[in-house]
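To start, the structure under review is shown below, and the notes come after it.
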Amino acid sequence: MVERKRAAADIARIGGGTKIAAIFGDPVEHSMSPTMHNAAYAALGIDRTYVAFHVKPNDLAAALRAIPALGIVGVNLTVPHKEQAAKLIKRLSFEARTLAAVNCAINRGGILIGDNTDARGLERDLRSLGVQIHGEAAIVIGAGGAAASAILACARLGAAKIVIANRTRSRGTRLARRLSRALGATRLIARGLNALVDRDLLASARIIFNATPMGLTRRRFARLDYRATQRDCFFYDLLYGAQPTAFLRPAIALKRRYADGTAMLINQGELAFELFNGIAPPKDVMRSALHARLHRKPTSASTEAHRSKGSWR
Ligand code: NAP
């Protein structure tokens, strides 16, 4: 009943002057972005709405061209469009160019600017968690767009060495080659998933990221020797959900510090909101809306995800 009333109020809000922001994906129905952005618009009383468009890969070029034509203020891009969008949009930010992926296309007076807020969103969360990896080693599991964001965030925090552990080793090698040009002092090494049972490597890592859908698409995670990690090794899963993920569960059992990707998702949503609308987002409103959607208890900023508490180190 409450939901129906809220939906009716949202529809009543839409009028002739309502501006649109959107997300393009395939599939897109599961996206949390409309929930966060529309809650923010309602709270601020702005005449804008955020909708999800199911765009097939073959239609992406036409859909991007329609953004200025329809006066859409900006769109988020999700799977499988991020890489293709970076090829189609002419003006790219440093991050979008470096990551060769766009998760955010902004309409600036009829000109599309491609940006990527994933690395910034993750970096912001790592800083808020007090994660310190300057001069240290990190392991990133995966070699797709999310892994590239984790690598860029780690490099910005001054990691000395990052080991990419990917199922398809050649893809990890290609990613290392492409990113190493942009990363300066940080050394990138590509390995297969067997790196996750290399006790010396695990003992040297200060942080381990999961940037794959493992645990989501199949229930079990790859073999990882959690006991070989340092007591203060941090486990960060870019996945998120109502329950701790398959990657995080053994780390939690060993009392290691950890976080899931909820705060990263919220941060990239907040950054996109600011880029699309030119105003600061109501952060608590966006967080509460996402948590309600994930069926989690209402939270404060400090308990906004599955994450350990207390300072690191
Ligand atoms: P992607 O480009 O498709 O890359 C997927 C990666 O996962 C590849 O390295 C792939 O290895 C690996 N992988 C897939 N299935 C696997 C399996 N069964 N076993 C081992 N490795 C497997 O995807 P992406 O865009 O990087 O996203 C990865 C995950 O991060 C997604 O699940 C997404 O939800 C999450 N993510 C979260 C946020 C956030 O805000 N929290 C933001 C972005 C992404 P191969 O190279 O061998 O295929």
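For the reader, a short list of remarks on this structure follows.
One line per residue, one yes/no per condition, for (1) out of contact with any Asp or Glu (no Cβ under 9 Å at 6 or more places or on another chain); (2) at negative phi; (3) surrounded by fewer than 24 Cβ atoms within 10 Å (Cβ to Cβ); (4) of a type outside the set (A, V, I, L, M):
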residue: L179; (1), (2), (3), (4): yes, yes, yes, no
residue: L183; (1), (2), (3), (4): yes, yes, yes, no
residue: A190; (1), (2), (3), (4): yes, yes, yes, no
residue: S204; (1), (2), (3), (4): no, yes, yes, yes
residue: D225; (1), (2), (3), (4): no, yes, yes, yes
residue: Q243; (1), (2), (3), (4): yes, yes, yes, yes
residue: L248; (1), (2), (3), (4): no, yes, no, no
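- Within region 254-275, residues that are away from the ligand (no atom under 11 Å from the Cβ) sit with their Cβ atoms under 7 Å from residues that are of a type in the set (A, V, I, L, M, F, W, C) and open to solvent by 10 Å² or more (accessible area, probe 1.4 Å), at 6+ positions apart or across chains, in these pairs: R257/W312; Y258/I252; E274/A280.
- Beta carbons closer than 6 Å, at least 6 apart along the sequence or on distinct chains, pair a first residue in region 133-162 that is away from the ligand (no atom under 12 Å from the Cβ) and assigned to a strand (DSSP E or B) with a second that is charged (D, E, K, R) and open to solvent by 10 Å² or more (accessible area, probe 1.4 Å) for A137/K161; K161/R187.
- So A63, is it without any contact (Cβ under 8 Å) to a residue 40 or more places away in the chain and not in a loop (DSSP other than H, G, I, E, B): yes
- Scanning region 115-152 for residues that are touching a Lys or Arg at 6+ places or on another chain (Cβ under 8 Å), modelled with pLDDT of 95 or more, on the phi < 0 side of the Ramachandran plot and of a type in the set (G, A, S) yields A119, A137, A138, A143.
- Of the residues making up region 237-253, those that are more than 14 Å from the ligand (Cβ to nearest atom) and under 12 Å from the mean Cα position of the chain (by Cα) number 0.
- Residue in region 190-206 that is closer than 26 Å to N76 by Cβ and of a type outside the set (S, T, N, Q) present: no
- Among the residues of region 144-177, those identified as more than 24 Å from D125 (Cβ to Cβ) and surrounded by 16 or more Cβ atoms within 10 Å (Cβ to Cβ) are R169, R171, T173.
- Condition broken by H30, with the remaining ones in (1) out of contact with any His (no Cβ under 6 Å at 6 or more places or on another chain); (2) open to solvent by less than 70 Å² (accessible area, probe 1.4 Å); (3) within 16 Å of the ligand (Cβ to nearest atom) satisfied: (2)
- Considering region 235-282, the residues that are β-branched (V, I, T) and farther than 20 Å from Y41 by Cα include one that is modelled with the highest pLDDT, namely I252.
- In region 189-213, of all residues being closer than 19 Å to L122 by Cα and outside any strand (DSSP E or B), the one that is nearest to the chain's Cα centre (by Cα) corresponds to A211.
The values are calculated or read from the model by the stated rules, or taken from the named source; none is laboratory data. No experiment lies behind these values; they were computed from the predicted model shown. Cβ atoms come from the backbone with ideal geometry, glycine included; neighbour counts cover every protein chain shown. When the accessible area is computed, the model is the full protein with side chains, heavy atoms only, and any ligands, DNA or RNA have been set aside. Shrake-Rupley method; radii C 1.70, N 1.55, O 1.52, S 1.80 Å.
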